[in-house]
Each structure stands twice: as C-alpha cells, then as structure tokens.
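Asks: The structure's right below; bear with me while I get my questions together.
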Amino acid sequence: MNKALLALLLFWFSAATAQTAGTLADNSNKPENDAGKEVLPELEDLLNQQLHQLPANTEISAASRVTRSSSDSMAVTHVINDKDIKQFNLRSLADILAQFVGITTREDSAFTYIGARGIGRPGDFNSRFLFMLDGTRINESLLDAGLVGHEFFVDVELIERVEYTPGASAALYGNNALLGVINIVTKTSSKLRGINTSVSVANNKAKHARITGGIRADSGSDSWLSLSQTKLDNIQYPLINIPPHLAKWQHLNEEKSTRLMLNHQNGGFKIQAAGSKRERQYPDLFAFDPNVRPLNAEVDNESYLLSVSFDDRISDDIELYLHASTHGNDFTRRLPVVLESGALLYEQRLNSGRWSNLDSRLIFLGLADHELMFGFDYQRDHRKKFMAQYIIPEPTELNFLADESRYGVYVQDLWRWSDKLQLQWALRYDDSDSSTPRWSPSYTLKYNWTPQHKLLLRHSRAFRVANFLEHFTNTSFDLPIPENESTHYNEASLVQNWSPSLSTFITAYQAKIENLISQAILTPIYVNTIPLKSQGLELGFDKRWANGVSLVASAAFQHSEFSGGIKVANSPEFIGQLRFSAPIGSPDILFSINSHVVSERRVLFQTLPSFASHDVSISWQPFNNMSLALGIRNITDKKITEILDDSLIPYVQQRRQAHLSINWSWGQ
Amino acid sequence: MIKACLFLLLLLSVLPSHGQNLSENELKAAFLYRFSQFSKWPPPPPHSLQFCVVGNHELFKAVSALLYAQNLQQTSSVLEMPSSEQVKQCDVLFLSQQNRQQTKYWLSQIEQSPILVVADTSEGFRQGAMIGLIADANNLSFRVNLTDAKRRGLTFSAHLLKLASEVR
C-alpha cells in the first residue's frame, strides 16, 4: 500500500515539475499585443481567473431564506463551493459537511450521522438539522432524516455550493432547524455544458462514474441531465476484531447506488427532478454456519423529488417565490430466514413516505428602509408507513399507517436603521395534525462600526416535533407521545475583514434545550429528557496569499450537559479543522491538506479517544476540458472509532483510502 | 517516505506561482469592459462609451487604469457617481455593493434610459440590473436578465448568454 501511494505521489511530483517548468517560461512578463497594449483577457479567461483575495461579497441564502450578499447577511454562514469539493476530493455530502466549523460525522457504513454544537444524539438520523436543495426542504418525512451518504440523490459533482448557517432558525424554517440549516445549491449548465464525464477509482475497490449533458438555448433556457453510479465491493466490516472465519465472507459486503437528476430553468421558472436507488447487501452473520456461505441481507433505499418553482420580481417593490414539490422515500431491509424445512424466507421491514410541499414567499420593498418578507409553507404527508414482517417465532405483520398536514406562516422584517445599525426580526407560527401549535420568534441586531467589521447579536427559538417513529413507538405501548423539543438560543458573532486577504470570525453561543427526545435506556420507547445546556465558542480565519496559497482554519470549543452535570453523549469538547492549499509552481496544479482534530467524547459508560486525521490531495488541470485529482484520505491510517447508537457497538471509521478521479468535457 | 514526499510537495507549494494575478476590482473592470463589447444599444448607438461607477472608488480607479492601458481614452471615459444628477449621461452603470433599496433608488433615477446596468450583488441583480457580476470564494461569474435588458432596448450577443451562469 505504501509503495503504491509513493508511486502515485512521485508520478504527480514529476507531472507537477514538468508543468512548473513550462509555466515559468511562459509567464515571465505580462502579455502585450503588437500595439504595445496589455492584452485584455477574453471573457472565458476572466471567468477562469482565480481570486487571490477574499471577495468583498459572496451570495448566500440559508441565513435569511432569501438571497443576500454575505456583507448584508444577518447570520454567520459558512460555504463550501464546487472548487473546494474538487480540490479536497470530497466524495459525499457528509464529507462536505465535515468541513464546516464544529461539525463531526460518524458512520456505520449504512448511515452517516452528523453532530454539532455539542449535540450528536445516538440514532437521531440528522433530524435536528434542516436540509434544503436549492431552497426546497428535503428532510424525509418519517424520521425527518437528513440523508448525507450515498443515498443522497444529488451527486456531489453537481453541487455549486453548500451553505451552513449554524444555530436555531425556526422563525423562518419551522420544524427541524434546531442546530442549523444546510442549503445545497446545484450547478447550472454554465459548468455542465456539452457532455461532461467523470470516473474515479479508489484502492478499496470503490468506483464512481458520472455522465452529464447540459445545454443553454439561444433563448437563455438552461437544461442538464445527469446519471451517476457508485459501486463499492468488498466493503470492510466497520467492526473491531472480526474473526477470520467471518472476515473471509467480506467480499459479499457490497453496495451500489445510482442517481439521476434533471434540471431545467427558463427565466424565473425552474423544474427539478431527482431520484436515487441504493442497493446494499451484506452477509447475515447472525445466522452464520461457518461451513456454509452466508445468505445476504438486503437494504434498499429509493428516493425521489419532483419540484417546480417560480422566482422573480413582479414589480419594482415586490419579489415573488412560488414552489410546489412532491417527494418519496422508501427504505427496505430484508433479512434471510431458513426454516427447519429448508425453505428460505425473508423478514422484511419497510419505511415508506410520500409527501408534497407548497411554499410561497413575497418580499415587499415599499416601505423606506424596510425589507419585509411574508411566507407560507405547507406540507402534506400523503403516506407515512412502517411495516414489519416477522417469521420467528411465528409469522407476524405489524403495520403503522398515517397521514398528516403541517403548515407554517411567517413574517420577517429587515430594518436598516442607519448605515451602521440594522435590526431583523421574524416570527413564525406552526401547526400540524399530530402536535400542538408553536410560535417561534427571532431577533437579530447587526452593528457595522466599519464596512469591514460587524457584530451580530441574535436570539431565537426552535423546535422539533416527535417524528413518526417516535410517535408510533410510544402509541403502540400506550404511552404518551413525547413533547416537542424546544430550544432558546442566544448568539454573539464578530465578523472581521482585516484586509482583502484576511478575515476572521468568532461566535459565542448558548442554548437551553428542553424536552430533548431520546430513546430510553433498555426500553424501546422515546422519552423527553431533563433540560440540557449547550454553550460554546467557534472561531476561524481565512487567509489568502498573492501566490495562490490559501489557509482556512477553524476551532470549536463546546460544552453540553444535562441539568445536574450529566455529560451529553457524543459531545467532543474540541473540534479543529484546517484546509491548506497551494499551487505547485503553476495555478493549474494544486496541493491540498485537510485536517481534523476531535477531542475525546463519552457515550454512556465509554470514553472514545481523541484523534487527528489528515487527508492529502493534488488536483491538476492540464487542459481546459480535463482535470485529474489524486487524494489520500486518512493518510496516517488512523484507527478512529465512533458509537452511533445505544447498542454501544464501536464502529471503525474509514481507514486510509487513495482516490484517483478524472473529469473530462466535450462540446463546451 | 510518504512524509518525505509530503514535505517535498509542501516545499514546492511555497514557490511563487505565475500567471495573471488581478485584484477583485481589476477583474471586475475587465469584465465590465468585455460586457460593453458584447452589448448592443438601441439606435442611435453611443459614439463613445461613458462608464459610471457607484459605491466603489477602487473599482472606479481600476476602470480608469484599464481604459488607459488599452488606449481607449478617446472612445471611452469613466465617471464616479456620488449622486444621481449625471446618471442619465451613463451608457454603462456599475452599481457596486448596493442593497435592494439602494439599487431600487438608482434604477428609479435612470427610468427607461438605455443604460447597461451591472451590479455586483445578488440583490442588485434581482432588483433589476441587467448583468449580475457575483463573486464566490474563488471566482467571479455573471448572470443576465434578458427581460430587463429588452425593456431598455439593449441586446446581448449569443456568446455572452452562453457564458452566463444564469439567464433570466
């Protein structure tokens, strides 16, 4: 393994050196034309020019539910864009989220969980984050789960940027926006024009291929269609000390995920369709006879989304957004059972959800110094179904079926008191068939003492309603449904741009969470916990140098405990992240290091050790239509273990992996 | 050995990187000039182009420097606009770092004049600028609003539309 890695590194080194020599010869002077004028780059070249400074403004939308410039934003929002995804060889949405300050990820090779702000509840399926795709809510409906692994229906290579606004945001978004809002923005055909393909392979036999066709019509309408597939063979068991007689069946542990996505935009109208199918097979080791090849258990996940939206200015004073979408998600697990007669049957479990969303919002600028927004969200859960078929001890089928309507109405006003002082308030009312109504207010004060330095003070509330699993589990035991989780959240942030090449942020937060919904120990029911306090400090800086070198670093110090001083599970007190990248002689070859440090964390009676993990990658763009990337994840092969649920089984996280990917376009 | 290779790569990475290295405002000025080349004004077309910049003195300086470097002082000039008095003299108006309300004010001042309005904020673009020149963390890209351009009698070349990140 080490020799193979070394060979790959040497290959890249020689390629880089050759490219450097060529570039040094080519760029000794500024280009001039025959008339002695400096040659002005063509439009295409200008689009490819890298900014070696931090831009004065970027575009973000997660913080205010409407697109705003970063300098005008009323909350700190962190962004990872397509260049970061390519440069740091990020292969899934979970990889992208792990780059954000204070976020940790944990996986058991079937599902990836994320935690932040001292809260990483075992088995919460990421339901304390709100996930959006181009502004459309995409948490699935049964568990309100956020799918961030291979089951996510957007290939990461189609992502333009991912925005993360940490903190409680229910005043705008309602349910689930408890720890943060994550908005995934997809690319347009300007980056996917013609035929665009990519292929990647990894030393652990993971393979990925994508083909995308995009077209921009003369009228300006924009369409692209993309198909991609990821295949993982011989997946390493994520468990410690696998006995050799079980390990020999590891080749039966495999996964295939396929994604299809269509995007069409014409003026203010946009149509989006996406679907994914994930098929996972693994040997059923519980029914294992060492002399017989084990039967495979099967896990399938199918999800889809179809959405239509209109977003435009309809008069000088009014912007309108209308959105309708329909979604589905089916999760099926089939476990083989061999009866005494020799007959093969399957025990099956199905989680099936079908739901539709209608959203609208209106921005009104008719009042001087005010930016008013009114909005209405409606979700109809057509079907929430949980079905379980058991064969042993006797054939049994359990069915839980429900439907539900949920809606929210909100208003937000941004009041520009003066050039230096702005106040934003928002208020939202939510109600649904299965829970009590709730009001969620939010107040933010922003003080810019200079255009480069701003202080943000925010107070908000957020909530999470018991999901279908928590709901029917308790009702099936004739127990009351857990109360809504609620949080009172306070935050102070200082964002400072010290120079065009250096910016910093510091955020101090404090949250009081009441009625946290948690699975009871030793019994399969859900209860509300005693109150919990979470407080912390997040800080970071972004530095660029004129030669193209950049360094982004962040640190999160967090402390969470229940009343009485009981520590919260999966809550590391320190999370550090660092991303460094630098051109090797030429702007076309970039060398990058991505490091994570996580302190020790407790889960019930176990303490998991701290760790530092480092990823290294090199990307090279030899031609405008071709790029290559080589990445080595967890280069020191650190053994990292995480506990994901109350079973207390430690799962081994990804060991060292080398990836090579090639991206090629035609007809751009 | 891996550590040695990593050290070598780190060492290489601190070598100076070559290639054109424009500041954000120099890049915006270059885009602005290219936009004017790919735009067509309603008849009679302007004999000389009057560029105007609002809200960004460094951008004004960058446009001046570009016109000088390209020997375009005879056919083009640039004005910095502290107020809206002269705004109707502009052929190309760059609204820099303006929010929704500020953009609305400037657009109301030019009424239906055939002025190519470029904004560098998404608020400015959504509020009625014909071209939005928006930065992400690494690059600048632009989007085009054909409806607003047509309303003012301006047309854009197919090349410009092809390269835009979004056309509305």
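The values are calculated or read from the model by the stated rules, or taken from the named source; none is laboratory data. Quantities reported herein were computed from a predicted structural model and do not represent experimental measurements. Backbone-built Cβ (ideal geometry, glycine too); neighbour counts: all protein chains shown. Just the protein is used for accessible areas: all its heavy atoms, side chains included, with ligands, DNA and RNA removed. Shrake-Rupley method; radii C 1.70, N 1.55, O 1.52, S 1.80 Å.
Asks: Does any residue of the range B:24-35 turn out to be in contact with a strand residue (DSSP E or B) (Cβ under 8 Å, 6 or more places away or on another chain), at the interface with chain A (Cβ under 10 Å from one of its Cβ atoms), more than 23 Å from B:Tyr105 (Cβ to Cβ) and modelled with pLDDT under 90?
Replies: The answer is yes; a qualifying residue exists.
Asks: Here is a follow-up. Can you say whether A:Val552 is touching a residue at least 40 places away in the same chain (Cβ under 8 Å), buried (at least 18 other Cβ atoms within 10 Å of the Cβ) and of a type in the set (A, V, I, L, M), as far as the supplied structure shows? Lay out the reasoning, then the answer.
Replies: Numbers: touching a residue at least 40 places away in the same chain (Cβ under 8 Å): no; buried (at least 18 other Cβ atoms within 10 Å of the Cβ): yes; of a type in the set (A, V, I, L, M): yes.
No, not satisfied.
Listed here are the residues, each with its yes/no results for (1) open to solvent by 20 Å² or more (accessible area, probe 1.4 Å); (2) under 29 Å from A:Arg91 (Cβ atoms); (3) more than 14 Å from chain B (Cβ to nearest Cβ); (4) hydrophobic (A, V, I, L, M, F, W, C).
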{"site": "A:Gly268", "(1), (2), (3), (4)": "no, no, no, no"}
{"site": "A:Ile271", "(1), (2), (3), (4)": "yes, yes, yes, yes"}
{"site": "A:Leu305", "(1), (2), (3), (4)": "no, yes, yes, yes"}
{"site": "A:Leu365", "(1), (2), (3), (4)": "no, no, no, yes"}
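Asks: I've got another one for you. List the residue pairs whose Cβ atoms are under 6 Å apart, where the first residue sits in the range A:363-389 and is among the polar types (S, T, N, Q), the second is open to solvent by 60 Å² or more (accessible area, probe 1.4 Å) and assigned to a strand (DSSP E or B), and the two are 6 or more positions apart or on different chains.
Replies: Once the first residue is among the polar types (S, T, N, Q) and sits in the range A:363-389, its partners that are open to solvent by 60 Å² or more (accessible area, probe 1.4 Å) and assigned to a strand (DSSP E or B) give A:Gln389/A:Glu397.
Asks: Looking for something among the aromatic types (Phe, Trp, Tyr) and within 25 Å of the chain's Cα centre (by Cα) - is there at least one such residue anywhere in the range A:483-499?
Replies: The first filter runs over the range A:483-499 and keeps only residues among the aromatic types (Phe, Trp, Tyr), leaving A:489, A:498.
Adding the requirement that they be within 25 Å of the chain's Cα centre (by Cα) leaves A:489.
Within the range A:483-499, one or more residues are among the aromatic types (Phe, Trp, Tyr) and within 25 Å of the chain's Cα centre (by Cα).
Asks: Determine which member of the set A:Ala171, A:Ala202 is at pLDDT below 95, away from chain B (no Cβ under 14 Å) and buried (at least 21 other Cβ atoms within 10 Å of the Cβ).
Replies: A:Ala171
Asks: Let me ask something else about it. Take the residues of the range A:48-96 that are at the interface with another protein chain (Cβ under 7 Å from one of its Cβ atoms) and among the β-branched types (Val, Ile, Thr): which is surrounded by the fewest Cβ atoms within 10 Å (Cβ to Cβ)?
Replies: A:Thr67
Asks: I'd like the full set of residues that are open to solvent by 30 Å² or more (accessible area, probe 1.4 Å) and modelled with pLDDT under 90, limited to the range A:566-597.
Replies: Within the range A:566-597, A:Ile566, A:Lys567, A:Pro587, A:Asp588 qualify.
Asks: I'd like to check which strands (runs of 3 or more DSSP E) are fully inside the range A:420-513 and have at least 2 residues that are touching a residue at least 24 places away in the same chain (Cβ under 8 Å), aromatic (Phe, Trp, Tyr) and more than 19 Å from A:Gly174 (Cβ to Cβ).
Replies: The strands (runs of 3 or more DSSP E) meeting that bar are A:435-450.
Asks: Looking for whichever is modelled with pLDDT under 90 and touching a helix residue (DSSP H, G or I) at 6+ places or on another chain (Cβ under 7 Å) here; the options are B:Gln73, B:Gln86, B:Gln101. Which one fits? Break it down into steps so the answer makes sense when it comes.
Replies: Numbers: B:Gln86 fails: touching a helix residue (DSSP H, G or I) at 6+ places or on another chain (Cβ under 7 Å); B:Gln101 fails: touching a helix residue (DSSP H, G or I) at 6+ places or on another chain (Cβ under 7 Å).
Among B:Gln73, B:Gln86, B:Gln101, only B:Gln73 is modelled with pLDDT under 90 and touching a helix residue (DSSP H, G or I) at 6+ places or on another chain (Cβ under 7 Å).
Asks: Take A:Gly194 and decide whether it is open to solvent by less than 30 Å² (accessible area, probe 1.4 Å), within 14 Å of chain B (Cβ to nearest Cβ) and either without any contact (Cβ under 8 Å) to a residue 60 or more places away in the chain or at positive phi (or both). Steps first, please.
Replies: Working: open to solvent by less than 30 Å² (accessible area, probe 1.4 Å): yes; within 14 Å of chain B (Cβ to nearest Cβ): yes; either without any contact (Cβ under 8 Å) to a residue 60 or more places away in the chain or at positive phi (or both): yes.
For A:Gly194, the condition - open to solvent by less than 30 Å² (accessible area, probe 1.4 Å), within 14 Å of chain B (Cβ to nearest Cβ) and either without any contact (Cβ under 8 Å) to a residue 60 or more places away in the chain or at positive phi (or both) - is met.
Asks: Further question on the same structure: Residues in the range B:118-131: is at least one under 30 Å from A:Gly194 (Cα atoms), of a type in the set (A, V, I, L, M) and assigned to a helix (DSSP H, G or I)?
Replies: Scanning the range B:118-131, I find no residue that is under 30 Å from A:Gly194 (Cα atoms), of a type in the set (A, V, I, L, M) and assigned to a helix (DSSP H, G or I), so the answer is no.
Asks: Continuing with the same structure: From the set of residues in the range A:545-594 that are on the phi > 0 side of the Ramachandran plot and touching a strand residue (DSSP E or B) at 6+ places or on another chain (Cβ under 8 Å), which is farthest from the other protein chains (Cβ to nearest Cβ)?
Replies: First, pick out the residues of the range A:545-594 that are on the phi > 0 side of the Ramachandran plot: A:548, A:564-565, A:570, A:585.
Retained after the next criterion (residues that are touching a strand residue (DSSP E or B) at 6+ places or on another chain (Cβ under 8 Å)): A:548, A:570.
Working: A:Gly548: 4, A:Asn570: 30 Å.
The residue in question is A:Asn570.
Asks: Tell me the helices (runs of 4 or more DSSP H) entirely within the range A:35-136 that contain at least 3 residues that are more than 21 Å from the chain's Cα centre (by Cα).
Replies: Values: elements: A:43-48, A:82-87, A:93-97.
Of the helices (runs of 4 or more DSSP H) lying wholly inside the range A:35-136, those with at least 3 residues that are more than 21 Å from the chain's Cα centre (by Cα) span A:43-48.
Asks: Counting just the residues of the range A:143-168 that are closer than 28 Å to A:Ser486 by Cβ and more than 13 Å from the chain's Cα centre (by Cα), which one comes out most open to solvent (accessible area, probe 1.4 Å)? Quick ask: steps written out before the conclusion?
Replies: Of the residues in the range A:143-168, the ones closer than 28 Å to A:Ser486 by Cβ are A:143-148, A:162-168.
Still in the running and more than 13 Å from the chain's Cα centre (by Cα): A:143-144, A:167-168.
Details: A:Leu143: 24, A:Asp144: 4, A:Gly167: 2, A:Ala168: 1 Å².
My answer is A:Leu143.
Asks: Name every residue in the range A:498-525 that is surrounded by fewer than 19 Cβ atoms within 10 Å (Cβ to Cβ), among the small types (Gly, Ala, Ser) and modelled with pLDDT under 90, in order of residue number.
Replies: Within the range A:498-525, A:Ala520 is the sole residue that qualifies.
Asks: Considering only the range B:118-149, state which residues are of a type in the set (D, E, K, R), open to solvent by 10 Å² or more (accessible area, probe 1.4 Å) and under 28 Å from A:Lys543 (Cβ atoms).
Replies: B:Asp136 - this is the single residue of the range B:118-149 that is of a type in the set (D, E, K, R), open to solvent by 10 Å² or more (accessible area, probe 1.4 Å) and under 28 Å from A:Lys543 (Cβ atoms).
Asks: Taking the conditions exactly as written (in contact with a Gly (Cβ under 6 Å, 6 or more places away or on another chain), hydrophobic (A, V, I, L, M, F, W, C), buried (at least 16 other Cβ atoms within 10 Å of the Cβ) and without any contact (Cβ under 8 Å) to a residue 40 or more places away in the chain), does A:Phe541 satisfy them or not? Spell out the reasoning first.
Replies: Working: in contact with a Gly (Cβ under 6 Å, 6 or more places away or on another chain): no; hydrophobic (A, V, I, L, M, F, W, C): yes; buried (at least 16 other Cβ atoms within 10 Å of the Cβ): yes; without any contact (Cβ under 8 Å) to a residue 40 or more places away in the chain: yes.
Criteria not met by A:Phe541.
Asks: To continue, here is another question. Go through the range B:88-117 and give me each residue that's more than 12 Å from chain A (Cβ to nearest Cβ), open to solvent by less than 10 Å² (accessible area, probe 1.4 Å) and in a helix (DSSP H, G or I).
Replies: B:Ile110
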